[in-house]
Amino acid sequence: MKSKGFMTDFFERNGLALGLYLVLAVGFWLVILIILPQLSMLDFSFRHHLPPPEMGGPKDVYTLEHYKFLVLGAQGSDASYNVVDLGVFARTLFAALFVTLLDLALCYPLAYYLGQSNGGGFVRVLVLLLIIPYWVNEILRAFAFRIIFGDSGVINEMLMSMGVIDAPLDFIRENIALYSGLGYAYILLMIFPIYNVIESLDRNQIEAARDMGSPWWRIHWRIVIPYAKPGISSGCTMVFMLSAGALAAPQILGGPSSLWFTQIIYQWFNQGGNWPRGAAYAIVLLSVCIIIVLSMMRLFKVKMGDLGK
Amino acid sequence: MKDGVSIELQDVWIRFGDFVAVREANVHIDGGSFFSFLGPSGCGKTTILRSVSGFLDPSEGKILIGGKDMAGIGPNKRPTALIFQNLALFPLMKVWENITFSLEVQGVGKAARRKRADELLDMIALTGQGDKLPSELSGGQKQRVAIARALCAEPDVLLLDEPLSALDLKLRQHMRTELRQIQKRVGITFIYITHDQGEALTMSDSIAVMRHGIIDQISDGEAIYDDPATPFVASFVGENNVFRGKVKSIDNGMAVVATNRTGDLRCRIGTAALGNLQTGDDAMVFIRPEALSIAADATDAGNHIKALVINEEFEGLAYHVFLEGDAGKEIKMSITNQGKARETSMNKELVLEFNPEQAIVLPFGELASE
Ligand SMILES: Nc1ncnc2c1ncn2[C@@H]1O[C@H](COP(=O)(O)OP(=O)(O)OP(=O)(O)O)[C@@H](O)[C@H]1O
Ligand SMILES: [Mg+2]
């Protein structure tokens with residue numbers, strides 16, 4: 001292995017034709033679909049917002065204008081920071097973190113149950129029940145949530161008929177509909193990585209701990225959770241990244257006064273037509289998310305390779 | 001050292017749906033003894049152990065530990081510690097944390113736990129290896145860590161589910177002796193499960209032999225070997241030559257059995273069959289290979305088996321002679337190697353004899369399948 005080098009070995013194992021195909025396909029995917037577009041966005045984010053005729057002209061030079069704008073706001077405004085955008089940014093991250101923790105709390109017990117039961121017929125039905133709703137497209141799902149959380153939606157009707165409340169609760173304004181919608185949207189991405197790991201956990205370890213007098217919470221704390229850590233971090237990373245970057249759900253389910261950071265980005269790109277600024281905002285979102293994920297991984301001693309599990 | 005705690009199974013039945021895994025088990029295990037359940041795969045050994053440790057409730061009957069009924073008491077509240085077939089060490093905890101997990105559960109501080117772990121590591125001859133992970137140990141070392149982990153909880157009863165089955169032969173023999181020594185030293189009751197009769201015979205004070213959910217016999221190793229209670233026990237424990245026939249006459253604990261092929265054989269009636277074997281009953285005669293010998297005088301009547309030698313094997317300690325027997329079955333005779341010239345040769349017809357006291361008659365019954 002060492003002496004021959006990775007590439008020789010790779011081609012010997014897969015044959016020339018298949019090897020070449022794999023290299024080209026992965027290369028295409030990596031370069032054309034991921035690296036180039038992101039690089040061009042990065043490039044955009046450092047340019048001035050110019051009308052098309054002036055592009056490539058003498059005014060088209062690199063600038064930090066858009067990043068400054070996100071932090072400091074428009075020049076000449078009274079506030080010394082861009083309170084609105086930064087506020088939305090922070091709230092988005094906190095909300096995404098909240099959605100992630102919510103999903104973790106909901107999914108861990110379910111994944112544990114699925115993983116430790118013997119995979120009988122009932123479990124397969126349960127997994128199917130989890131998957132089938134995802135055939136419904138995102139927009140339809142979001143609007144369905146809007147309807148059931150609405151003033152005269154099922155939930156308000158039910159609570160009122162039970163006499164729990166007198167007047168309908170405004171789930172939309174309180175962002176409850178949004179958190180539920182986002183949480184629901186990514187539940188599978190949380191369940192499956194955890195389920196996968198827990199499924200391979202030897203049941204005897206749990207029984208051994210029980211035999212030694214351990215209460216259930218300590219079994220989870222000392223045995224199941226450490227074992228499931230790669231799955232948990234993989235699930236959390238995906239849910240966090242996707243929630244922070246979600247657009248449809250906040251657009252449809254978000255309260256009137258609470259903007260999601262992606263909506264601001266969308267506005268710059270679309271309504272504002274200011275692509276460089278949109279790109280800068282998006283890059284900041286991406287970078288900060290990556291930094292958060294990496295520092296969490298360091299905090300919980302998760303290795304990069306574990307995320308692939 | 002603790003006083004051993006006794007265990008009692010009273011009319012225990014365990015069912016999985018319609019399937020009966022354990023049938024009317026009545027077992028008394030003396031405190032401080034080394035007790036084995038011996039039986040082929042799937043006979044219900046693990047099921048019994050799980051019911052003693054509390055992971056499974058018997059469908060009927062009672063389990064008493066130290067005279068106390070265990071009904072409704074969970075595994076974490078019983079004075080038992082179970083060593084699993086695959087050991088089930090915690091892979092992400094260091095060896096010393098594994099060993100003292102039961103103390104951690106009890107809220108014992110880290111320094112005290114570490115100290116106890118070091119004591120136990122000394123005991124299992126793994127001094128200084130507490131900071132390793134289980135994956136960094138050899139099979140035998142893991143084995144000992146599992147034992148230490150179970151002993152750390154200071155249980156009254158240690159339950160072992162075929163803990164040596166994953167080890168190679170040498171290590172297995174070594175661990176047998178070691179286990180037995182540990183048991184003598186700590187003085188607690190050991191319940192040991194195995195399908196290896198050699199293991200059961202060498203280690204146990206008492207053995208229960210099981211066959212699909214039924215306990216056929218409970219006694220010490222010698223009685224199991226020399227005085228089996230059923231044809232199953234006779235054929236499962238050690239090797240035995242079987243001769244089928246009908247009881248011709250009975251007198252004074254001895255019976256004459258008319259066999260189909262080898263004529264009349266006079267033998268001792270098995271203790272368990274005394275009184276319920278009648279003249280005319282179908283019966284089986286069991287003679288151990290080492291109980292057979294070449295007849296000194298082939299002319300006198302009775303207790304002679306005539307057969308043709310079809311194969312021979314030399315094993316050092318003894319040589320084994322295979323002769324053509326009943327219904328296509330071979331008769332095996334083992335002769336201790338005393339350095340003398342052999343009297344056997346291929347295709348020679350021999351006349352064998354045996355001491356009637358060493359041949360056992362039992363009522364016709366199921367044999368252990370090979
Ligand atoms: N949870 C269960 N549900 C249904 N049947 C079971 C269950 N557990 C065990 N059995 C059945 O009970 C019988 C006895 O099983 P057990 O595990 O006690 O066997 P064993 O004697 O320990 O065998 P081995 O030596 O192979 O470990 C088997 O036929 C098994 O199929
Ligand atoms: Mg078993």
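The values are calculated or read from the model by the stated rules, or taken from the named source; none is laboratory data. What you see is a predicted model; the values in this text were computed from it and never measured. Glycine also receives a Cβ, built like all others from the backbone with ideal geometry; neighbour counts cover every protein chain displayed. The protein model used for the area step is the full one, side chains on, heavy atoms only, and it has no ligands, DNA or RNA in it. Shrake-Rupley method; radii C 1.70, N 1.55, O 1.52, S 1.80 Å.
Under a cut-off of 14 Å between alpha-carbon atoms, report the aspartates and glutamates in cross-link reach of A:LYS229, not counting same-chain residues fewer than 8 places apart.
Qualifying aspartates and glutamates at Cα under 14 Å: A:GLU199, A:ASP306.
Please work out how much accessible surface A:MET162 shows to a 1.4 Å probe, ignoring ligands, DNA and RNA, in Å² rounded to 10.
Looks like 130 Å² after rounding.
For the protein assembly as shown, what is Rg from Cα atoms divided by 2.2 N^0.38 Å, rounded to two decimals?
For the protein assembly as shown, the normalised Cα radius of gyration is 1.44.
Toward the positive end of the charge dipole of chain A, about the Cα centre and with charges on Cβ (Lys, Arg +1; Asp, Glu -1), which of A:ASN156, A:ALA209, A:TRP275 goes farthest?
The listed residue farthest towards the positive side: A:ALA209.
Just from its helices, what would the mean residue ellipticity at 222 nm be for chain B, if runs of 4 or more DSSP H residues each count -39500 (n - 2.57) and the sum is divided by every residue, rounded to the nearest 500 deg cm²/dmol?
Here the helix-only value at 222 nm equals -6500 deg cm²/dmol.
Round to the nearest 10 and report in Å² the accessible area of A:ARG173, as given by a 1.4 Å probe over the protein chains' heavy atoms.
Surface accessible to solvent at A:ARG173 totals approximately 130 Å².
Could you give the angle, 0 to 90 degrees to the nearest 10, between helix B:169-186's Cα long axis and the longest principal axis of the Cα atoms of chain B?
60
Please check segment A:191-207 for residues whose accessible area, probe 1.4 Å, is lower by 30 Å² or more when all protein chains are in place than in their chain alone.
A:ASN204, A:GLN205, A:GLU207
Using only the alpha-carbon atoms, how far is helix B:139-152 inclined from the longest principal axis of chain B? Give it as 0 to 90 degrees, nearest 10.
It works out to around 60 degrees.
Considering only C-alpha atoms, what is the centroid distance from segment A:13-41 to segment B:239-285, in Å?
82
For A:LEU286 and A:ILE176, calculate 0.36 nm times their separation in residues minus their Cα-Cα distance, and state this gained length in nm to one decimal.
Between A:LEU286 and A:ILE176, full extension yields an extra 37.1 nm.
Set the Förster distance to 30 Å, then compute FRET efficiency between A:LEU104 and A:LEU247 from the Cβ-Cβ distance, nearest 0.05.
For R0 = 30 Å, the calculated efficiency reads 0.85.
Hey, if you put +1 on the Cβ of every Lys and Arg and -1 on every Asp and Glu Cβ in segment A:64-308, which of A:GLY231, A:TYR134, A:LEU97 ends up farthest toward the positive end of that dipole?
Positive-most Cα among the choices belongs to A:GLY231.
Given a Förster distance of 35 angstrom, what is the FRET efficiency for A:ASN14 paired with A:LYS303, based on the Cβ-Cβ distance and rounded to 0.05?
0.85
Over segment A:4-81, what is the relative contact order in percent, taking alpha-carbon pairs closer than 8 angstrom and at least six residues apart?
16
If you average over every viewing direction, what projected area does the convex hull of the Cα atoms of segment A:249-307 give, in nm²?
Seen from a random direction, the Cα hull of segment A:249-307 projects 5.7 nm² on average.
Please quote Rg/Rh for segment B:311-370 to two decimal places, taking the Kirkwood radius as Rh and restricting both calculations to Cα atoms.
A ratio of 1.01.
In µm²/s, what is D for segment B:219-299 at 20 °C and 1.002 mPa s, where D = kT/(6 pi eta Rh) by Stokes-Einstein and Rh is the Kirkwood radius from Cα pairs?
Rounded to a whole number, D works out at 160 µm²/s.
Using 0.36 nm times the number of residues separating B:SER138 and B:THR336, minus their current alpha carbon distance, what extension gain do you get?
Length difference between fully extended and current span is 67.5 nm.
Which sequence of B:THR80, B:THR177 reflects their accessible areas, 1.4 Å probe, from the largest down?
Putting B:THR80, B:THR177 in descending order of accessible area: B:THR177, B:THR80.
Which one of B:ALA71, B:ALA21, B:ALA111 has the biggest mean-square fluctuation once chain B is modelled by GNM with Cα springs under 10 Å?
B:ALA111
According to the Kirkwood expression over distinct Cα-Cα pairs, how big is the hydrodynamic radius of chain B, in Å?
Computed over Cα pairs of chain B, the Kirkwood hydrodynamic radius comes out at 23.1 Å.
Count charges around B:GLY109 for me, please; just the other residues with Cβ under 12 Å from its Cβ, Lys/Arg as +1, Asp/Glu as -1.
For residues surrounding B:GLY109, the net value is +4.
Over 28 Å apart: what share of the alpha carbon pairs of segment A:1-151 falls there, rounded to a whole percent? Display every interim value, and only then the final one.
Values: 7189 of 11325 pairs.
Everything past 28 Å amounts to 63 percent.
Give the peptides B:44-57, B:337-350 in descending order of average Cβ contacts within 10 Å, highest first.
Values: B:44-57: 21.4, B:337-350: 10.1.
With the highest mean Cβ count within 10 Å placed first, the list reads B:44-57, B:337-350.
Shielding by partners for A:210-221, please: the mean number of other protein chain Cβ atoms within 10 Å of each residue's Cβ.
6
Using a basic spin-label model with each label point 7 Å from the Cα along Cα→Cβ, how many nm lie between A:TYR81 and A:LEU36?
4.0
Show me, for segment B:337-348, the HN-Hα J-couplings you get by feeding each phi into the Karplus relation (A = 6.51, B = -1.76, C = 1.60, θ = phi - 60°), rounded to Hz, glycine and proline as x.
Going residue by residue, I get 6, 10, x, 8, 5, 6, 9, 9, 7, 4, 6, 8 Hz, with x marking Gly and Pro.
Suppose accessible area is computed on protein heavy atoms with a 1.4 Å probe; arrange B:VAL12, A:VAL61 from highest to lowest. Please report the intermediate quantities before stating the final value.
Details: B:VAL12 0, A:VAL61 75 Å².
From most exposed to least exposed: A:VAL61, B:VAL12.
Which of the pairs A:LYS301/B:LYS142; A:LYS303/B:LYS170; B:LYS110/B:LYS170; B:LYS248/B:LYS348; B:LYS115/B:LYS184 have their Cα atoms more than 32 Å apart in this structure? Display every interim value, and only then the final one.
Details: A:LYS301/B:LYS142 26 Å; A:LYS303/B:LYS170 40 Å; B:LYS110/B:LYS170 37 Å; B:LYS248/B:LYS348 30 Å; B:LYS115/B:LYS184 24 Å.
Check vs 32 Å cut-off fails for A:LYS303/B:LYS170; B:LYS110/B:LYS170.
So between B:VAL20 and B:LYS246, what do we pick up on full extension, going 0.36 nm a residue minus the alpha carbon distance?
In short, 78.1 nm is gained.
How far is helix B:110-123 tilted off the main Cα axis of chain B, in degrees rounded to 10, range 0 to 90?
Around 30 degrees separate the two axes.
I'm a student and want to see the number: the projected area of the Cα convex hull of segment B:239-363, averaged over all directions, in nm².
7.8
Determine the total buried accessible area between chain B and chain A, counting protein heavy atoms only with a 1.4 Å probe; round to the nearest 100 Å². Display every interim value, and only then the final one.
Values: alone 17470 and 18710 Å², together 34340 Å².
Interface area, both chains combined: 1800 Å², rounded to the nearest 100.
Which of the listed residues, B:PHE243, B:ILE294, B:THR336, is farthest toward the dipole's positive end in segment B:239-363, when Lys, Arg count +1 and Asp, Glu count -1 at the beta-carbon?
Farthest towards the positive end: B:PHE243.
What whole-number distance in Å separates the alpha-carbon centres of segment A:117-194 and segment B:183-230?
59
Each residue of segment B:32-40 in turn: what ³J(HN,Hα) in whole Hz from Karplus with 6.51, -1.76, 1.60 and θ = phi - 60°, glycine and Pro shown as x?
Working through the residues one at a time gives x, 9, 9, 10, 10, 9, 10, x, x Hz.
With an 8 Å cut-off on Cα pairs and a minimum separation of 6 or more residues, tell me the relative contact order of segment B:239-363 in percent. Don't jump to the answer; show the numbers that get you there.
On the way: 276 pairs, mean separation 39.0, N = 125.
About 31 percent, as a whole number.
Under the Karplus relation 6.51 cos²θ - 1.76 cosθ + 1.60, θ = phi - 60°, what is the ordered set of whole-Hz ³J(HN,Hα) values for segment B:198-205, x standing for Gly and Pro?
3J(HN,Hα) across segment B:198-205, in whole Hz: x, 4, 4, 5, 6, 9, 8, 7.
Report, as a whole number in µm² per second, the diffusion coefficient that Stokes-Einstein gives for chain A at 37 °C and 0.692 mPa s using the Kirkwood radius over alpha carbon pairs. Kindly include the intermediate steps, with their values, before the conclusion.
On the way: Rh = 23.2 Å.
Taking Rh from Cα pairs, D becomes 142 µm²/s.
With charges only on Cβ, +1 for K and R and -1 for D and E, what is the dipole size of segment A:64-308 about its Cα centre, in debye, rounded to 20? Intermediate results must be reported in sequence, preceding the final value.
Values: 15 positive and 15 negative charges, 140 e Å.
Taking the Cα centre of segment A:64-308 as origin, the dipole is about 680 debye.
From the Cα trace of segment B:108-148, what convex hull volume per residue do you get, rounded to a whole Å³?
Convex hull volume per residue, Cα atoms: 70 Å³.
Take the alpha carbon gyration tensor of segment B:125-206, find the square roots of its eigenvalues, order them as a ≥ b ≥ c, and report rounded if a/c is under 1.5; if not, report prolate when a/b exceeds b/c, else oblate. Numbers along the way, then the final one.
Details: a/c = 2.02, a/b = 1.28, b/c = 1.58.
It is oblate, given that a/c is not under 1.5 and a/b is not larger than b/c.
Size of the dipole of segment B:239-363 about the Cα centre, Lys and Arg at +1 and Asp and Glu at -1 on the beta carbon, nothing else charged, in debye to 20?
160
Once R0 is set to 35 Å, what does the formula 1/(1 + (r/R0)^6) return for the Cβ-Cβ distance between B:ASP30 and B:GLU60, expressed as a FRET efficiency to the nearest 0.05?
0.90
In whole percent, what relative contact order does chain B give with Cα contacts below 8 Å and a gap of six or more residues?
RCO, chain B: 16 percent.
Need one value: the accessible area of B:THR230 in square angstrom, 1.4 angstrom probe, rounded to the nearest 10.
B:THR230 has an accessible surface of roughly 30 Å² with all protein chains in place.
Among the helices of chain A (complete DSSP H runs), which have Cα atoms covering no less than 20 Å along the helix axis and a Kyte-Doolittle mean of at least 0.0?
Values: long enough: A:83-116 (48 Å, 1.42); A:225-244 (27 Å, 0.87); A:275-299 (36 Å, 1.71).
Answer set is A:83-116, A:225-244, A:275-299.
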